[in-house]
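Asks: Please find one structure pasted underneath; my questions will follow.
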Amino acid sequence: MRKSESVLLERIVTLAEESMNKIGPEAFINRELSWLEFNLRVLEEAENEENPLLERMKFLAIFSSNLDEFFMVRVAGVREQAFGDGAPQDFAADGLTANEQLRAIAHRTQELVARQYRCLREIIGPAMQEAGFKLLRDAELTKEQKKYVDRFFHERALPILTPMACDPAHPSPRYHNRGLYLGTMLEHEKGLGPKQLFAVVQVPQVLPRVILLPGESSGTVFFVLLEELVAARLPELFGGFSVKSWTTFRITRDCDQELLEQESDDMLRLIEERLKERQRGQAVRLEIAAKADESIAQRIIDDEDLRASSQEPGVTTYNEVYRIDGPLDLTGLWELYNLSGFEKFHDKPHTPRKPAAFRQQRDIFSTVDREDVLVHHPYESFDSVVDFVTSAARDPRVLAIKQTLYRTSGDSPIIRALMDAAEAGKHVTALVELKARFDEANNVSWARQLERAGVHVVFGFLDLKTHCKVSLVIRNEREGLKRYVHLGTGNYNPATATSYTDLGLFTADVEIAEDASALFNLLTGYSQGHRWKKLIVAPNDLHSRTLELIASQKALARSGKPSRIFAKVNSLADHQIIESLYEASQAGVPIEILSRGICCLRPGVIGLSENIQVRSIVDRFLEHSRIFVFGDGEDAEVYLGSADWMPRNFFRRVEVMFPVLAGPLKERVLKSIVPIYAADNVRARTLRSDGAYVRDARAKKQGDFRSQVAFVEEASAANEIITKLPDNGRGAEKKQSLTGSRPGGSSRSAGAQRQNRSRSRKRQS
């Protein structure tokens, strides 16, 4: 048989096997329900008594903010499919229709919200009281406190408040998205207006939600909520009327609007116009006090065209009304979390360490020229990334800086450095992604400031979000122009870099630098045709290359050779990737998935996915890094990237997956970072085939191991060792040999360091 015929026969057999093993919808977990289980894991951290008290309260606030965005985007999208006129019906891989999804979402969300407020009322609330946080009602205020509250109301609140009557002459106002309102039924005997009146007032968002009060007890914080303060003074606000009943309520609106559906001569202006439309989106959720006057509740439900639970016995409908037994909008708890003087109720402070490679007395470019550097945030400081850009801005030998910006902090040193560089005459280009959801307004502001400073600002593509994290510096050196690159898994945001786990790579690798230049040419000028050497780019070939990498491990397993797949992502939802993983599992490939949030894959199904383990870690820091390992042992390919395994990342965003090539860095990922994550048996949960997550079972003789604590300890130990050692020429090699790794990790050898330096010199030549 000729070779071509043999290959063809193999392909026919493969296709036959694939058709016989066609994967049905039961093999997939619904995306939206999977996300709700992620938010449950957040709630479990609020319930976890091992966490300090204020950290538990923080998780309650995060649960609420997560749920807000879920309704504004995901539920709104499914709702449009279910009820929108002419909206395409997008059947999920799990087979549920849009209507079925909505009912399942509502049922599960009602359960989770009820559990959240039980946690607040029965666990965290009493613990807060015991710890010295005293929430008071108006009737409980002392004479001094009441005097203070009255003064606050008249001096700071009353000038802002706007009482709004709702009658034929004054139609119901357009309630702001996520705004907190008081609804009240009023009566009076004489004067202007009807005898009975429904009216509303918005609780001012420009004032603090938590009003701190004077008190005599040391170590105790007395406070009242702003809405309670206003509610107690409604008769004054609506003079001449008596208050028959009042309630708090809150509307969540559809924000799942495509900001750019058409060509525009001015993308910046179009974005600004579309942002205003968000406040006019369809209501998708009503939160209202559980004891609210039913007439008030029904008035709001009717005005906003919301769907409430059916009164018919045995009829299950989609319920968009959430009756809350407690204060609405627990994101306000952040104000208590940020109070000073209660450090004992917080996690032990963590100071990020300076990466070992950057502790030498040399500039950052000399260091990166000498060796690739891998930085693990927040355990290692984000200052190195800031220094990379600020040093480039100051360095007279730097000619150009090119930078992607997706999300950044309010007072960004990186943006300031870019503006300084442009004003100094350097060629500076910034790709500002205007479509970064819920950060659009910030990015519009940054774009205008950068333009005024002389930065060449580009907004990317109309139909693609630029989500990759790339910084490119071009420097004039003795040998000619040299390019330095930073690639990351997280945003150029110094604020979130202290609470998100991410990885960043500094390199002067010639081929990576050429690819980075080609990427910016694509982003700024649609330049195409570049043959990518090291970077894997979406939407170009990231999806196909990922499938190829999975297939390569399947082929190894079928030939009896060692194989392995490890993927750390935020979400796994792409059905083709999932099907490919199932095929690899059937071939015998051991697969480890660490997915913080969504996972639509069902692990542990006999004959389908028994070789796949899926785990999730929710802990102090938000797990955000993306790590990919294909292969077992020294021949494994290691990649980092900005993309999750989701259709949007593969096909609707510009993403970059980049290799870790330097031996010591690759070893660090394989023998330290990945094993530490794998060993977590404290904050890790394992996904069962039924879609539920359970905490890892611990062997009796196995001690508790918490990955984030291990990373903190590792960074601290490395810092202590390094600061005690002299820098005598062989210091760098000695330092690396003493840092060690855990568990199963190995220290970096001097030989490996020399190999890395040799590789760096070859790149220069």
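Asks: Could you identify the single residue in 652, 620 that is at pLDDT below 95 and among the basic types (Lys, Arg)?
Replies: Among 652, 620, only 652 is at pLDDT below 95 and among the basic types (Lys, Arg).
Asks: Another question about this same structure. What is the one condition in (1) of a type outside the set (Lys, Arg); (2) crowded, with 20+ Cβ neighbours inside 10 Å; (3) not in a loop (DSSP other than H, G, I, E, B) that residue 592 does not satisfy?
Replies: (2)
Asks: Let me ask something else about it. May I ask you to list pairs of residues, at least six apart or on different chains, whose Cβ atoms are under 8 Å apart, with the first in the range 543-563 being more than 22 Å from residue 575 (Cβ to Cβ) and in the same structural domain as residue 653 (by TED's automatic domain parsing) and the second being among the charged types (D, E, K, R) and in a helix (DSSP H, G or I)?
Replies: Listed pairs, sorted by first residue: 563/554.
Asks: Let me ask something else about it. Out of the residues in the range 525-539 meeting the condition of being out of contact with any helix residue (DSSP H, G or I) (no Cβ under 6 Å at 6 or more places or on another chain) and surrounded by fewer than 17 Cβ atoms within 10 Å (Cβ to Cβ), tell me which one is nearest to residue 652 (Cα to Cα).
Replies: Residue satisfying both the conditions and the ranking: 526.
Asks: Moving to a separate point now. Looking at 488, 460, 504, 480, which one is within 26 Å of residue 256 (Cα to Cα) and not assigned by TED's automatic domain parsing to the domain that holds residue 644?
Replies: Result: 460 is the single residue among 488, 460, 504, 480 that is within 26 Å of residue 256 (Cα to Cα) and not assigned by TED's automatic domain parsing to the domain that holds residue 644.
Asks: Restricting to the range 522-532, count the residues that are in a helix (DSSP H, G or I) and either hydroxyl-bearing (Ser, Thr, Tyr) or within 27 Å of residue 413 (Cβ to Cβ) (or both).
Replies: 2
Asks: Which one of these is surrounded by 16 or more Cβ atoms within 10 Å (Cβ to Cβ), in contact (Cβ under 8 Å) with a residue 40 or more places away in the chain and assigned to a loop (DSSP other than H, G, I, E, B): 61, 106, 93?
Replies: 93
Asks: With respect to the numbered conditions (1) over 30 Å from residue 662 (Cα atoms); (2) part of a helix (DSSP H, G or I); (3) among the acidic types (Asp, Glu), which one is the sole condition not fulfilled by residue 347?
Replies: Against the list (1) over 30 Å from residue 662 (Cα atoms); (2) part of a helix (DSSP H, G or I); (3) among the acidic types (Asp, Glu), residue 347 comes up short only on (2).
Asks: Could you give every pair whose Cβ atoms fall below 6 Å, whose first residue belongs to the range 239-254 and is farther than 26 Å from residue 75 by Cα, and whose second residue is surrounded by 22 or more Cβ atoms within 10 Å (Cβ to Cβ) and polar (S, T, N, Q), counting only separations of at least 6 or pairs across chains?
Replies: Pairs that qualify, where the first residue is farther than 26 Å from residue 75 by Cα and the partner is surrounded by 22 or more Cβ atoms within 10 Å (Cβ to Cβ) and polar (S, T, N, Q), are 243/184; 246/184.
Asks: In the range 457-505, what count of residues is obtained for those that are outside any loop (DSSP other than H, G, I, E, B) and either in contact (Cβ under 8 Å) with a residue 40 or more places away in the chain or within 13 Å of residue 381 (Cα to Cα) (or both)?
Replies: Within the range 457-505, residues that are outside any loop (DSSP other than H, G, I, E, B) and either in contact (Cβ under 8 Å) with a residue 40 or more places away in the chain or within 13 Å of residue 381 (Cα to Cα) (or both) number 27.
Asks: Looking at the range 693-705, I want the residues that are modelled with pLDDT under 85 and have a partner that is of a type in the set (A, V, I, L, M) with Cβ atoms under 9 Å, at least 6 apart or on another chain. Which pairs are those?
Replies: If the second residue must be of a type in the set (A, V, I, L, M), the pairs left are 696/682; 696/684; 698/682.
Asks: Exactly one condition in (1) under 22 Å from the mean Cα position of the chain (by Cα); (2) not in a helix (DSSP H, G or I) is not met by residue 441; state its number.
Replies: Failing condition for residue 441: (2).
Asks: If the requirement is being crowded, with 20+ Cβ neighbours inside 10 Å and either among the hydrophobic types (A, V, I, L, M, F, W, C) or not assigned by TED's automatic domain parsing to the domain that holds residue 321 (or both), which of these qualifies: 29, 23?
Replies: Answer to the selection: 29.
Asks: Does the range 518-542 hold any residues that are among the polar types (S, T, N, Q) and touching a residue at least 60 places away in the same chain (Cβ under 8 Å), and which are they?
Replies: Listed by number, the list holds a single entry, 524.
Asks: I'd like the residue in the range 628-642 that is of a type outside the set (Phe, Trp, Tyr) and closer than 15 Å to residue 590 by Cβ and, out of all such residues, is surrounded by the most Cβ atoms within 10 Å (Cβ to Cβ). First the steps, then the outcome.
Replies: Just the residues of the range 628-642 that are of a type outside the set (Phe, Trp, Tyr), to begin with: 629, 631-638, 640-642.
From what's left, closer than 15 Å to residue 590 by Cβ: 629, 631-633, 636.
Working: 629: 22, 631: 20, 632: 18, 633: 8, 636: 19.
It comes out as 629.
Asks: I would also like to ask the following. Among helices (runs of 4 or more DSSP H) lying entirely in the range 143-256, which contain 1 or more residues that are within 39 Å of the chain's Cα centre (by Cα), modelled with pLDDT of 95 or more and under 22 Å from residue 287 (Cβ atoms)? Steps first, answer last, please.
Replies: Numbers: elements: 143-152, 226-231, 234-237.
Where helices (runs of 4 or more DSSP H) fall fully within the range 143-256 and carry at least 1 residues being within 39 Å of the chain's Cα centre (by Cα), modelled with pLDDT of 95 or more and under 22 Å from residue 287 (Cβ atoms), they are 226-231.
Asks: So, one more: Determine which single condition residue 682 fails, assuming it passes every other condition in (1) touching a Cys at 6+ places or on another chain (Cβ under 8 Å); (2) more than 27 Å from residue 574 (Cα to Cα).
Replies: Going through (1) touching a Cys at 6+ places or on another chain (Cβ under 8 Å); (2) more than 27 Å from residue 574 (Cα to Cα) one by one, residue 682 breaks only (1).
Asks: Quick check: anything in the range 597-612 buried (at least 22 other Cβ atoms within 10 Å of the Cβ), within 25 Å of residue 660 (Cα to Cα) and free of Cβ contacts under 8 Å to residues at least 60 places away in the same chain?
Replies: For the range 597-612, residues buried (at least 22 other Cβ atoms within 10 Å of the Cβ), within 25 Å of residue 660 (Cα to Cα) and free of Cβ contacts under 8 Å to residues at least 60 places away in the same chain: present.
Asks: Now for a separate question. Just to check your reading of the model, which residue among 156, 174 is among the charged types (D, E, K, R) and touching a residue at least 60 places away in the same chain (Cβ under 8 Å)?
Replies: 174 is the lone residue from the list that is among the charged types (D, E, K, R) and touching a residue at least 60 places away in the same chain (Cβ under 8 Å).
Asks: Evaluate the range 328-336: report whether one residue or more is more than 30 Å from residue 231 (Cα to Cα), among the polar types (S, T, N, Q), at pLDDT 90 or above and surrounded by 13 or more Cβ atoms within 10 Å (Cβ to Cβ).
Replies: Of all residues in the range 328-336, those more than 30 Å from residue 231 (Cα to Cα) come to none.
The answer is no; no qualifying residue exists.
Asks: Name the residue that is farthest from residue 34 (Cα to Cα), counting only residues in the range 632-690 that are among the aromatic types (Phe, Trp, Tyr) and out of contact with any Pro (no Cβ under 7 Å at 6 or more places or on another chain).
Replies: 658
Asks: Would you be able to tell me the number of residues in the range 138-188 that are β-branched (Val, Ile, Thr), within 21 Å of residue 245 (Cβ to Cβ) and either surrounded by fewer than 19 Cβ atoms within 10 Å (Cβ to Cβ) or in contact with a Gly (Cβ under 7 Å, 6 or more places away or on another chain) (or both)?
Replies: Of the residues in that region, 1 qualify.
The values are calculated or read from the model by the stated rules, or taken from the named source; none is laboratory data. Please read these numbers as outputs of a predicted model, since none were measured by experiment. Virtual Cβ from ideal backbone geometry, glycine too; neighbours counted across all protein chains shown.
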